[in-house]
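The values are calculated or read from the model by the stated rules, or taken from the named source; none is laboratory data. All values derive from a computational prediction rather than experimental measurement. Cβ atoms come from the backbone with ideal geometry, glycine included; neighbour counts cover every protein chain shown. Ligands, DNA and RNA are excluded from the accessible area calculation, which covers all protein heavy atoms including side chains. Shrake-Rupley method; radii C 1.70, N 1.55, O 1.52, S 1.80 Å.
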Amino acid sequence: QVQLVESGGGLVQAGGSLRLSCAASGRTLSTYVMGWFRQAPGKEREFVSAISWVGRTTIYTDSVKGRFTITRDNAKNTIYLQMNSLKPEDTAVYYCAADTIWSDLSDQGERVDYWGRGTQVTVSL
């Protein structure tokens, strides 16, 4: 098992940047594919990004490509989401996720094994 705790959310103006962190405890981090989902008010949870076991492969939903970057540091048991050029449409609660199967980190996260509690990101005009 793994426990996940997000941090780094907050309020920023459009065009600004934030870096989210997800600290993991429990089994060694390289056991897990890691990723981020988000859920905006009144909307369904959606996939944002994922990174493979040791960081060789990354994927992003189309709406954040070129603006967001996911990284991981297995030695620190932490993953990050660098968010640049933020837009009001990025406003959501962002959730860290962990799984042992790559394909589980997709869609609305129905098959994800482990979740963090979320961190709020608000982007103002």
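Tell me the net charge near T57. Cut-off is 15 Å between Cβ atoms, T57 excluded, with +1 for each Lys or Arg and -1 for each Asp or Glu.
Numbers: positive: R56, K65, R72; negative: D99, D104.
With Lys, Arg at +1 and Asp, Glu at -1, the net is +1.
Determine the per residue accessible area of segment 61-125 with all protein chains present and a 1.4 angstrom probe, expressed in square angstrom. Spell out each step's value before the answer.
Details: 3270 Å² over 65 residues.
On a per-residue basis, 50 Å².
I need the fraction of alpha carbon pairs in the chain separated by more than 25 Å, rounded to a whole percent.
Everything past 25 Å amounts to 15 percent.
In a shell of Cβ-Cβ distance under 11 Å around G109, excluding G109 itself, what net charge do Lys and Arg (+1) and Asp and Glu (-1) give?
-4
Using 0.36 nm per residue of separation minus the Cα-Cα distance, give me the extension gain between T71 and Q120 in nm, one decimal. Don't jump to the answer; show the numbers that get you there.
Values: separation 49, 0.36 × 49 = 17.64 nm, distance 1.96 nm.
Full-extension gain reported as 15.7 nm.
Enumerate the amide H contacts of D107 below 5 Å, restricted to partners 5 or more residues apart or on another chain; note that Pro and chain-start residues carry no placed amide H.
F47
Straight-line reach from K87: which aspartates and glutamates have Cα under 15 Å away, leaving out those fewer than 8 places along the same chain?
D62
Simple spin-label model, 7 Å along Cα-to-Cβ: Q108 to A40 in nm?
My value for the distance between the label points is 1.6 nm.
Output the Cα-based Rg and Dmax of segment 26-95 in Å, rounding Rg to one decimal and Dmax to a whole number.
12.7, 37
Loop-only trypsin sites (Lys or Arg not before Pro) in segment 30-125, please: DSSP not H, G, I, E or B, and at most 15 other Cβ atoms within 10 Å.
Here the trypsin sites (Lys or Arg not before Pro) that fit, given the DSSP loop and packing criteria, are K43, R56, K65, R67, R111, R117.
So if a site counts as exposed when it's one of the GluC sites (Glu not before Pro), its DSSP state isn't H, G, I, E or B, and it has at most 12 other Cβ atoms within 10 Å, what's the longest stretch of the chain without one?
By the stated rule (loop sites, at most 12 other Cβ atoms within 10 Å), 45-109.
In whole Å, how far is the Cα centre of segment 25-59 from that of segment 67-125?
What the calculation gives is 5 Å, centre to centre.
Give me the dipole magnitude in Debye, nearest 20, for the chain about the Cα centre, with unit charges on the beta carbon: positive for Lys and Arg, negative for Asp and Glu.
In total the dipole reaches around 340 debye.
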